[in-house]
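Inspection log for the structure reproduced underneath, given as structure tokens.
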Amino acid sequence: MALPDILKGKLSIPVVASPLFIISSPDLVIAQCKAGVVGSFPSLNARPIEMLDEWLHKITTELAEYDAQNPDNPSAPFAVNQIVHKSNNRLNEDVELCKKYKVPIVITSLGASVELNEEIHSYGGIVLHDIINDFFARKAIAKGADGLIAVASGAGGHAGSTSPFALISEIREWFDGPLLLSGSIATGDAVLAAQAMGADLAYIGSAFIATEEANAEQGYKQALVDYASSDIVYTNLFTGVHGNYLKPSIIAAGMDPDNLPVSDPSKMNFGSGGSSDKKAWKDIWGCGQGIGAIKDVLSAGELVTRLKSEYDTAKARIDIAS
């Protein structure tokens, strides 16, 4: 395991919960961390920016109180996702708030930044950068990222198209630092499989949408229980970046999921905070191909308990077989 010190001995299972646009809230992050996995949220979920200050205060305060009451079983660290794209006109202010609260982990997306990495390193934080191929992985590390999140085929939301086997193998040829894998991971067995492939941690998103603490409407949560991988469409129409979306939600919005137009990537916008960019994610439901494993809407704690049980069972099964 190539885990940084900030994560060593802090996790009940080797999992980072991915930041979910609109859906990840302080309540979900706190529940995830208390259960022993890294909880995360996109900074742009907190609108206006004053709300981000409130969210970070709430998360840091409640987790500190929990740790004081549970010294033998402290919470996992949390992470904030920053969109490093020219359309994000809040980036500098959001980074300053991360520095104010000494956010342990910052997840960067859609652009690697030497300056941002240095800002986070200034107080002892680490930066994990998500990538969809080896080219961007090398650029991220060259610019000072501490670790990588390999977003492979089948991941929810913005996703790559490369097999996780190929992507992890290519990165591990030259990088021995922290490596996370994202893509259709919704069981403890899959977490162990990610490690067997060469990843240090699994990066799980869709399964946490179907939790009680998630800021998603009940119909969205139930859809993840009711549908499977065959009900997912890969398109760049809604944000300009390719991602996986639930076909029934596209149909409900009046579109033909089998005949979607192609979007202009130069028009993507993640930072305006207007109703148009929120609407694409509220009405068109993103999710990964692993949703077939989601059978119930649970609390975040119950989900982590299930994942850990499956993970331990899978490890024991392999030990017996060997």
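The values are calculated or read from the model by the stated rules, or taken from the named source; none is laboratory data. The structure displayed is predicted, hence computed values, not measured ones. Glycine also receives a Cβ, built like all others from the backbone with ideal geometry; neighbour counts cover every protein chain displayed. SASA here: full protein model, heavy atoms, side chains in, ligands and nucleic acids out. Shrake-Rupley method; radii C 1.70, N 1.55, O 1.52, S 1.80 Å.
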For residue 23, tell me the accessible area in Å² from a 1.4 Å probe, rounded to the nearest 10. 10
Residue by residue, what Karplus-based ³J(HN,Hα) values in Hz, rounded to whole numbers, does the stretch 73-87 have, using 6.51, -1.76 and 1.60 with θ = phi - 60° and x for Gly and Pro? 9, x, 6, 6, x, 10, 9, 10, 8, 10, 8, 9, 10, 4, 6
Using the Cα centre as the reference, give the magnitude of the dipole from point charges on the C-beta atoms of the chain (Lys, Arg: +1; Asp, Glu: -1; all else neutral), rounded to the nearest 20 debye. 280
Exposed GluC sites (Glu not before Pro) absent: longest stretch of the chain, with sites in DSSP loops and at most 12 other Cβ within 10 Å deemed exposed: 1-172
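Quick one: accessible area per residue over the chain, 1.4 Å probe, rounded to a whole number of Å²? Before the final figure, lay out the partial values.
Details: 13620 Å² over 322 residues.
Ligands and nucleic acids excluded, the figure is 42 Å² per residue.
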Of all trypsin sites (Lys or Arg not before Pro) in the stretch 37-125, which ones are in loop regions per DSSP and have a Cβ with at most 15 other Cβ atoms within 10 Å? 86, 102
Would you mind computing, in nm to one decimal, how far apart the modelled labels at residue 230 and residue 65 are, each placed 7 Å from Cα along Cα→Cβ? 4.9
Here, residue 218 and residue 12, labelled 7 Å along Cα→Cβ, have an inter-label distance in nm of 2.7
Out of 246, 320, 103, whose Cα points farthest toward the positive end of the dipole of the chain (charges: +1 Lys, Arg; -1 Asp, Glu; placed on Cβ)? 246
5 Å is the cut-off here: which amide hydrogens, built 1.01 Å from N in the peptide plane, fall below it relative to residue 108, excluding neighbours closer than 5 in sequence? 82, 128, 129, 130
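May I ask you to give the percent of accessible area on the chain that is carbon plus sulfur, with a probe radius of 1.4 Å?
Details: 7050 of 13620 Å².
Percent of accessible area from carbon and sulfur atoms in the chain: 52.
Per-residue ellipticity at 222 nm for the chain, helices alone: DSSP H runs ≥ 4 residues times -39500 (n - 2.57), over residue total, nearest 500 deg cm²/dmol? Before the final figure, lay out each step's value.
Details: 12 runs with 127 residues, N = 322.
Dividing the helical sum by the residues of the chain leaves -12000 deg cm²/dmol.
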Can you give the relative contact order of the stretch 1-121 as a percent, counting alpha carbon pairs under 8 Å and 6+ residues apart? 24
Could you go through the stretch 213-224 in sequence order and give the Karplus-derived ³J(HN,Hα) for each residue, using 6.51 cos²θ - 1.76 cosθ + 1.60 with θ = phi - 60°, rounded to whole Hz, and x for Gly and Pro? 7, 5, 7, 10, 5, 4, x, 5, 4, 5, 4, 5
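Quick one: order 161, 153, 309 from most to least accessible surface, probe 1.4 Å.
Numbers: 161 90, 153 45, 309 65 Å².
So, going from the largest accessible area down, we get 161, 309, 153.
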Could you tell me which label, among [x] 1.01; [y] 1.10; [z] 0.93, carries the value of Cα Rg over 2.2 N^0.38 Å calculated for this structure? [z]
Given 0.36 nm per residue, what is the gain on full extension from residue 163 to residue 309 after removing their alpha carbon distance, in nm? 49.9 nm
Would you tally the net charge around residue 127, using a Cβ to Cβ cut-off of less than 12 Å, leaving residue 127 out, and scoring K and R as +1, D and E as -1? -4
So the label point goes 7 Å from the Cα of residue 195 along Cα→C-beta, right? Which residues of the stretch 294-322 then have their backbone N under 18 Å from it? 304-322
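Net charge around residue 315, counting only other residues with Cβ within less than 11 Å of its Cβ (Lys, Arg = +1; Asp, Glu = -1)?
Numbers: positive: 308, 317; negative: 189, 310, 312, 319.
Summing Lys and Arg as +1 and Asp and Glu as -1 gives -2.
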